[in-house]
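K.L.:
Before we start, here is the structure in question, set down as structure tokens.
What follows is calculated from the coordinates using simple rules that are stated; it is not laboratory data. If you're wondering where the values come from, they're calculated on a predicted model, not measured in any experiment. No Cβ is skipped: glycine too gets one built from the backbone with ideal geometry, and neighbour counts run over all protein chains shown.
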Amino acid sequence: MNYTSFIKKSQNRFQVFCTVLRFSLFIGFYLLCLWMVFLYVVNAPHNMVVFSLTALGGIAILSWLHIRISLGCLIIGVPVVSALHMMKIFPVNPLCFWFAILYLSWCTKCLLWQKKTVASHSHVGALVDILAGLVLLSLIRTLFHHPFDYLWDRLWYHPVITGPDDPMFCLYAAFVLLQGLFLYRIIELEVDDSTGWKKMVWVFYLQAALVIFFSLLQLFFQIPPLEKTYLTRLYSPFNDIHSYGSYIVLLFFFFLALTSTKNRSQGLITAVCSGILFLLVMLSWSRETWVAALLTGMIFLFYKLKKTRAFLFVVSIFIAVALVNLVPSLWPDSKNLYVKRLESTVIVKKINVEIRKCLWCRAVGIIKEYPVAGSGIGTFYKISPSYGERDCERFKGRPENAHNYYLQVAAEIGVSGLLLFLSIIFCAYRSGLRTLSQLEESDNIITGLLFGLTAYLITMLAGHPLLLPNQQLLFWFVIAAITIPGRLGTYEKIPSTGDIQIEG
């Protein structure tokens with residue numbers, strides 16, 4: 001056997017090995033989806049069983065016949081379903097079950113019926129597979145800490161998960177993270193042309209319209225009710241002010257970038273949208289969102305304006321912030337709670353970092369003890385009181401999440417998991433920037449998505465939106481929208497902002 005033949009055989013064996021691993025990965029999540037559907041059907045209220053089964057059947061049929069339409073309905077439906085859940089119309093948020101049915105139908109057709117390959121088409125896809133495998137291994141390791149009898153009873157006879165302090169919460173936490181990763185993989189495999197990408201862009205318009213509608217519904221009609229103690233704190237259609245702010249600020253920069261289009265009607269619509277979204281950012285009451293908007297906005301100015309003007313503007317902001325920190329009396333003495341909230345965001349002495357610091361120390365303590373594989377997916381909330389500072393009065397003895405998604409990922413699935421996640425983000429930015437460099441003119445869509453993603457990632461330094469299923473689906477949809485143009489390789493076929501016309 002010559003050397004060349006040996007190398008080829010070794011490569012073929014390695015490819016077969018990778019194919020088997022990837023197939024096992026998709027089948028592993030398939031089994032988890034089956035359990036999730038079982039959980040939903042068993043625990044559905046009696047008066048909703050028929051409706052639930054009909055809806056799940058419809059999703060399965062649509063996903064089998066036309067997966068792109070099914071994916072579009074899912075992503076557009078995220079704010080609608082989340083809002084209905086916040087209004088107590090849905091007793092539980094059905095997004096996880098919706099995606100589980102979609103995946104089961106798609107996977108049965110592609111892998112088991114048509115026997116298609118699920119090989120990754122990009123570096124991002126390959127890294128997503130590795131991260132998904134790491135999450136599944138973390139889940140298996142966490143489950144094996146429990147006796148088999150208890151595990152079997154909780155899986156099939158008492159499958160209800162009461163909350164993050166439940167020993168079986170790891171199943172739900174793993175599913176939430178995995179559904180975002182596998183959503184990306186399905187989009188990567190199914191959206192393989194510029195027409196599909198163009199339709200993905202329209203989803204952001206529909207999302208923004210729905211988010212604005214539900215936000216205004218809460219603002220003017222108190223549906224769902226606002227917390228009057230702190231004036232207006234918008235969060236509908238999402239779970240809380242911080243996850244709400246994370247996605248609102250992403251949409252804001254997406255539409256802000258589109259305002260520079262040459263199409264007048266589209267420019268006017270996007271300008272109005274960006275103005276409303278900016279107002280919603282302020283009304284979110286989320287300080288981390290405000291900081292993300294400010295920092296990303298300064299970078300945006302450097303990108304859009306002449307460097308001298310942008311530099312002078314940014315320097316002016318820094319001087320103003322420095323002055324009010326050196327001489328706090330310069331800050332206006334106002335009884336308005338928004339002004340006071342902004343003051344506690346800008347003036348260092350009034351920024352309360354003790355709460356976040358306490359939780360971050362807990363995360364660091366867990367990372368020190370479990371640096372490689374982490375403590376296990378979904379375990380941070382329950383075990384966190386045993387780590388970090390003991391003299392934190394507010395959270396003394398109380399479980400809580402890390403309020404920093406990066407630290408929580410490192411604590412639960414190890415530093416390797418965090419590095420994989422950051423590598424995916426890096427590759428997404430690289431793909432987006434390469435797409436921009438290949439276009440004759442700077443594409444405002446990709447630009448807006450990149451700046452929006454930047455703001456979203458900044459909010460995760462003090463928040464954890466990706467612990468929520470709605471944010472997982474939205475986040476990985478954004479990653480897919482950024483990376484698909486670069487993966488297609490035919491940059492000239494990608495529609496520019498001016499090609500996406502507003503009809504009517």
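K.L.:
What is region 181-240's relative contact order, in percent, from Cα pairs under 8 angstrom and six or more apart in sequence?
P.N.:
23
K.L.:
Under the definition of Cα pairs under 8 Å and six or more residues apart, what whole-number percent is the relative contact order of region 56-134?
P.N.:
Relative contact order for region 56-134 comes out at 30 percent.
K.L.:
In percent, how large is the relative contact order of the chain, given Cα pairs closer than 8 Å and 6 or more residues apart?
P.N.:
20
K.L.:
Say a site is exposed when it is one of the GluC sites (Glu not before Pro), sits in a DSSP loop, and has at most 16 other Cβ atoms within 10 Å; what is then the longest site-free stretch of the chain?
P.N.:
1-226
K.L.:
Which three numbers, in whole Å and largest first, are the semi-axes of the equivalent ellipsoid of region 32-112 derived from its Cα gyration tensor as √(5λ)?
P.N.:
21, 15, 10
K.L.:
Hey, any idea what Rg/Rh is for region 258-410, computing Rh the Kirkwood way over Cα pairs?
P.N.:
1.08
K.L.:
Could you calculate the FRET efficiency of Val49 with Phe23 from 1/(1 + (r/R0)^6), where r is the beta carbon distance between them and R0 is 25 Å, rounded to 0.05?
P.N.:
0.15
K.L.:
Could you check the simple spin-label distance between Phe213 and Lys304, using points 7 Å along Cα→Cβ, in nm with one decimal?
P.N.:
About 2.7 nm, to one decimal.
K.L.:
Using only the Cα atoms of region 257-297, each taken as one equal point scatterer with no solvent, compute I(q) by the Debye sum, divide by I(0), and report log10 of the ratio at q = 0.23 Å⁻¹.
P.N.:
Relative scattering, expressed as log10 I(q)/I(0), comes to -0.75.
K.L.:
Between Leu206 and Val415, what FRET efficiency comes out of the Förster formula 1/(1 + (r/R0)^6) with R0 = 25 Å and r the beta carbon distance, rounded to 0.05?
P.N.:
0.05
K.L.:
Just the C-alpha atoms of the chain: what Rg/Rh do they give, with Rh taken as the Kirkwood radius?
P.N.:
0.97
K.L.:
A further question on this structure: When a footprinting reagent is the concern and you count Cβ atoms within 10 Å, what order do Ile101, Ile319 take, fewest first?
P.N.:
Ordered from fewest to most neighbouring Cβ atoms within 10 Å, Ile101, Ile319 come out as Ile319, Ile101.
K.L.:
In whole Hz and in residue order, list the ³J(HN,Hα) couplings for region 39-51 that follow from phi through the Karplus curve 6.51 cos²θ - 1.76 cosθ + 1.60, θ = phi - 60°; x for Gly and Pro.
P.N.:
Using θ = phi - 60°, the values come out as 4, 5, 5, 5, 9, 5, x, 4, 6, 10, 4, 4, 4 Hz.
K.L.:
Based on other C-beta atoms within 10 Å, arrange Asp240, Asp443, Asp333, Asp153 from fewest to most.
P.N.:
Going from sparsest to densest Cβ surroundings: Asp333, Asp153, Asp240, Asp443.
K.L.:
So, in nm, how far is label Trp35 from label Gln222 when the simple model puts each one 7 Å beyond its Cα toward the Cβ?
P.N.:
In this crude spin-label approximation the distance works out to 4.3 nm.
K.L.:
Let's test the formula: R0 of 35 Å, r as the Cβ-Cβ distance of Lys199 and Ile140. What FRET efficiency results, to the nearest 0.05?
P.N.:
Plugging the Cβ-Cβ distance into 1/(1 + (r/R0)^6) gives 0.40.
K.L.:
I would also like to ask the following. Rounded to two decimals, what is the ratio between the C-alpha radius of gyration of region 124-232 and 2.2 N^0.38 Å?
P.N.:
Here the Cα radius of gyration is 1.56 times the empirical estimate.
K.L.:
For every helix of n ≥ 4 consecutive DSSP H residues, a contribution of -39,500 (n - 2.57) applies; sum these over the chain, divide by its total residues, and give [θ] at 222 nm rounded to the nearest 500 deg cm²/dmol.
P.N.:
-23500 deg cm²/dmol
K.L.:
Once both labels are modelled 7 Å past Cα along the beta-carbon direction, what's the Leu65-Lys262 spacing in nm?
P.N.:
4.1
K.L.:
Then there is this: Where does the charge balance sit around Tyr244 when Lys and Arg score +1, Asp and Glu -1, over other residues with C-beta under 15 Å from its C-beta?
P.N.:
Once positives and negatives cancel, what remains is -1.
K.L.:
Let me ask something additional. Among 136-143, 430-437, how do they line up from the highest to the lowest mean number of other beta-carbon atoms within 10 Å?
P.N.:
Packing order, densest peptide first, comes out as 136-143, 430-437.
K.L.:
Give me, ordered by chain and number, the residues 5 or more places off Ser284 or on other chains with an amide H under 5 Å from its own placed amide H.
P.N.:
Leu234
K.L.:
How much length is gained if the chain between Val16 and Leu323 is pulled fully straight, taking 0.36 nm per residue apart and subtracting their Cα-Cα distance, in nm to one decimal?
P.N.:
Between Val16 and Leu323, full extension yields an extra 104.2 nm.
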